[in-house]
Every structure is written in structure tokens, then in C-alpha cells.
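Please read the structure below before turning to the comments.
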Amino acid sequence: MKKFHLNQVDYYETFPAFLEGIRNRFGEKPALSYFTRKKEEVRHSYTELVRDVHALCEALCAMDLDGQHVALVGENSYEWIVAYLAITATGGVAVCIDIEQPDESIRQMLITAGVKAAFVSETYLPICKPLIKEDACLRQLMLMAVPEGDGQFPSLTELCAIGREKEAGENSLRGRVQVDPDQTAAIVFTSGTTSRPKLVMLTQKNILQNTSDAILYISAEEKVFTSLPFYHTYGMTCAVLGTLVRGAHLYLNGDLKTMMRDLHLAQPDSIVTVPLIVEAIYNQIWLGAEKQGKARQLRRLLKINGLVRRLGIPWQSKTLLGIREKIVGNLHIAVSGGAHLSKEITKDMALFGIFILQGYGITECSPLVSVNCNYSYRMGSVGHVLPSCQLKMVDGEIWVKGPSVMKGYYRDDEATKQVLEDGWFKTGDLGYQDKDGFLFLTGRKKNLIVFKNGKKLSPEKIEEMIGRIPLVKDVLIHGIKSGNSADDVKVAASIYPDPERARQMSSYEILEELQKEIDRINATLPLYQQVQMINIREKEFAKTASQKIKRHMV
């Protein structure tokens, strides 16, 4: 195993200890910021954040909601984070609702998770209100922002004010709460790329261990930006808690429509994101160059810069730096996870001056399993396994064991038994480790296409190759039945073309261009792996919070 520098980081086993620790260590340092519609920055220090959380804790205790299942239904916001920390610090279970789901699915999530109360943004209030019934589990709704209407439900701001009044009294209700490291702190719904989402129970220690372990490897500098949804473990553990545990400054974005605007306003050093956003930045660079007729010049500069780097000459093209600064300002570190990012994009972004640290995680592991380090990385890999994790391969499948592995699935012992064996979690992902300990992913076990001759194909391999075609925005490879038996299949490609590049093209021209490029790819593949059918989609694929295609919906 390759040895490398590890960062210094504090470890906590419970959220009350975490809150005390970050307040005492970082005090008046800026903790969280966001931008208003008027582009004004709203900033909160560590002291302010913890003060607001403690006040809300007091209010939750007064409402007898400590230790209860309390849901979070809304967009990314400062209030979302305050509510999450208050729920977990009072020994409750933060039920993180995926708001990208249909209305009925959101209601079903609340019912299935046994939610007693919910913090809701005004956008989602109409969805949740019908669940407030005498014979229902859900008894109380609380608004994340101050309501503009009649104030039927208390807002988080009002609850904090009540909590501060109670704190000023002689007996603090918050003091009665005892939190155990092994008790459930959050219920998070799995992404559901191949099946219905499951309810993952993560303990206090699961989440906080994973938070600090990640910081041992990653140096994301002092100003961090994220638009990752907080209801996903990657967004909450790696972006929010991972920034707070080391005293850095996190800029929040809750609307992808304003993401690029906020990124420019924040001028961060680092971003915690998914490949879709990295690819969007990458495509924006190339589209700009193509419109200006400078694509050929840009390719030449990248080749020269790559050659210079290989020779070890300390030189950087001012043109490339100028392009980076125009698109993303000071950004030069991107932590990417949630899905695969091609090696070619990673390489080109490094030449633009943006160093990408790719990692691998899964909700059931809180979520991070491995990540590339600033001081030890390998393009194409998902980095080194976290120090507290054990990893083994069983028939090519990655199994993980350690303090970040979930407690189990909520009220689903059968599903839990299927994935947990003697403490080992069966990820369902396929991969291998090289001699230096770098982990490489090769596909998803459930996605394997099995042929009549017994051979198998990971569709991700072909998807990556086709994904490099400029005209392709998204692609999904799957097997379709072509004979009488179930294993007599052909490889098919379902492709959503890039709207910007396909705008001036007819359907026939799009298909003709794609067929030409896929024929070139097929020439490099064994016959059984070659794509034999192409389907052009008019609409984008349905995706998970981490922007993976929901295969079971195609």
C-alpha cells in the first residue's frame, strides 16, 4: 500500500459533541453563506450556527420531539442544515426526503419512515399538508422559512426565538437529552437506480466517523462551494459536515438555475460536486471555443501543456488559465463523486488548472468508501480506501466493513440480511485494487449483460466510450432480447443528444452522425460487445440525486 500525507482532523461520536467542538474551535470564523435573489451574501459564523441549532434543540424538546423521527422536505438552505443538526443533536432521527420524487412518492416516504413531524419549505407544504390527520403518524409541520401567508405553521425562526427564551430560563430542556453513538441519527433513501429506494439507517457514529475520515485524505482549502442536495448522504456528509469539521467556509446553492451565478459570486477555491456539473463546466469551455472558432487552437494548447507537464517543466499557458478564470473564477480543486467521470475529462480539466479528486461512495456506507488524495491520486481510479474501512473482493464484487457501514434498512430485516454478512456490506459494485491500493470500478453487478455464450459485459464500459462523442449528452447501454431464449441478447444504446450541438440538425443527421461514431467504436470491440441498435431519446433520462440514470425506468 502506498504511503502518503494525512491531514489533521478532529473526530466526534455524537452530534452534541460535534457542535460543541466546532463552536469552541472556530468561533467567529465564517461557516455558511448563501446568496439572495439580489446577489447579496448572507453569512453565518460557527458561533451563530451553533447558537441557532441549540435554540432549535430547546424548542424541539419543549414540543416533545426530541428522540422522534422528524423529516426534512425542502431545497438546500441554511435552515435545512440547522434543522438537521438540531434533530440529530436531540437524539432524533432526521428523515431526509428526496424532493425530486413525484408528490405521491414524497408522501409515501413520510408515511413509511414513521415521521412524527416535518420541517418543510413553502414549495412542498401543499404536498405534506394532507398528511396532517388525527389518526395519522404525522402530527406537526414546521416551515423552514418565515411564512408569507397566515402563519398556520410555526417557522424555524419563530421556534429558535422560543428556544432562546427557554434557554435563558433556569432549566434547559436540552440538558435532559442523552445521545448514544450507536443510535440512529438519520434515515436516508437510497438512490434507486435499479430498484425502489430503501430506507437506510445511519447512526451518529456512522456519519461522523465518515465525515472525519474523508478529511484525512482531502484538502479542499478554505472556500468551498456545493449545490449537492443535502437529502443525499454525499451532500450532507462530505460537503456540509466535511467542511464544518475542519472550520472552512461553505457556500450553499439550492437551485441549479442559479448555480453558475452563485459559483462566480462565491469565488471558491474548491467545489464538492458530481460528474454532471464537471461535465457541464467542461462542455461550456468547449462550446465557447467552438462559437469563437478557437477549438483547434484550444486543442493545440492542451497538447502543448500536457507535453510540458510530462517533461516536468513548470509552465502554465496564460490562455488556459484565462479560460478557467472566465468560466469558474478561482476554482482549482473539484471533489467529484456519485457517478463515474471519464479519465479524458479529468485529464483535460487538470490542464485547465482544475485538479479533480474522484471518489466512490454508497449510501449504506455513510457514504464515502474511497477517494483520491491531494498527495496521492491516480486518474481513472476512485482513490484509496478510507483508513477505517476494510475492503475485499468476492467474485469481483466490492464488500466493505467498518464503522461507517449502516445499521440496516428501516423495518426491512429481509433486505438487510441480503446485503449484510458478518458485518460486511455487499455493495453490488464490481472492481479491483491495483498494487498501490488504488480502487478501480468496472461496473454494477445488477447491470451486467449476460450473453448466450456465457460472456458478460459491464455496460458502463461502453457508456464511457460513447459518452466521449461530443454529440452525446447521456447514454445508457442495455441488452435486448433477440431470440427465443432469455440470454440471446443484443447490445443496444439509448442516447439523449446534446441539445446545444443538435439544435441545427435533423433527426436523420443526428442518427447518421452517431452511427458513424459508434461504428468507429465497434471496430475496437469484440463482436459480442458491439452496439447493434441505437435509440435516440427526445427527453432526458430520469436521474437520482447524484445524477445517475435510473435504469429501471428506461
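The values are calculated or read from the model by the stated rules, or taken from the named source; none is laboratory data. Quick caveat: nothing in here was measured; it's all calculated off a predicted structure. Here the Cβ is made from the backbone with ideal geometry for all residues, glycine too, and neighbour counts use every protein chain on show.
As a summary of the residue check, MET109 satisfies the conditions (1) assigned to a loop (DSSP other than H, G, I, E, B); (2) touching a residue at least 40 places away in the same chain (Cβ under 8 Å); (3) closer than 27 Å to THR190 by Cβ except for the one numbered (1).
When VAL491 is tested against (1) touching a residue at least 24 places away in the same chain (Cβ under 8 Å); (2) crowded, with 18+ Cβ neighbours inside 10 Å; (3) closer than 30 Å to PHE4 by Cα, exactly one condition is not met: (3).
Here is a list: VAL400, VAL450, VAL405, VAL371. Which entry is free of Cβ contacts under 8 Å to residues at least 40 places away in the same chain and either surrounded by 21 or more Cβ atoms within 10 Å (Cβ to Cβ) or out of contact with any Asp or Glu (no Cβ under 7 Å at 6 or more places or on another chain) (or both)?
Values: VAL450 fails: either surrounded by 21 or more Cβ atoms within 10 Å (Cβ to Cβ) or out of contact with any Asp or Glu (no Cβ under 7 Å at 6 or more places or on another chain) (or both); VAL405 fails: free of Cβ contacts under 8 Å to residues at least 40 places away in the same chain; VAL371 fails: free of Cβ contacts under 8 Å to residues at least 40 places away in the same chain.
Unique residue meeting the criteria: VAL400.
Among the residues of segment 356-368, not one is surrounded by fewer than 24 Cβ atoms within 10 Å (Cβ to Cβ) and on the phi > 0 side of the Ramachandran plot.
Tally the residues that are touching a strand residue (DSSP E or B) at 6+ places or on another chain (Cβ under 7 Å) and of a type in the set (D, E, K, R), restricting the search to segment 413-426. Adding up the residues that qualify gives 1. Every listed requirement among (1) assigned to a helix (DSSP H, G or I); (2) surrounded by 13 or more Cβ atoms within 10 Å (Cβ to Cβ) is met by LEU430 save one, (1).
Of the residues GLY247, GLY288, only one is touching a residue at least 24 places away in the same chain (Cβ under 8 Å) and either crowded, with 24+ Cβ neighbours inside 10 Å or more than 17 Å from VAL328 (Cα to Cα) (or both); which? Step through it out loud before you land on a result.
Numbers: GLY288 fails: either crowded, with 24+ Cβ neighbours inside 10 Å or more than 17 Å from VAL328 (Cα to Cα) (or both).
Matching residue, one of GLY247, GLY288: GLY247.
Of all the numbered requirements in (1) over 24 Å from the mean Cα position of the chain (by Cα); (2) assigned to a loop (DSSP other than H, G, I, E, B), VAL382 misses one, and that requirement is (1). Scanning segment 291-339 for residues that are surrounded by fewer than 18 Cβ atoms within 10 Å (Cβ to Cβ), among the polar types (S, T, N, Q) and at pLDDT below 85 yields a count of 5.
Yes or no, residue by residue, for (1) aromatic (Phe, Trp, Tyr); (2) outside any loop (DSSP other than H, G, I, E, B):
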residue	(1), (2)
PRO229	no, no
TYR234	yes, yes
LEU250	no, yes
THR258	no, yes
LEU265	no, yes
PRO268	no, no
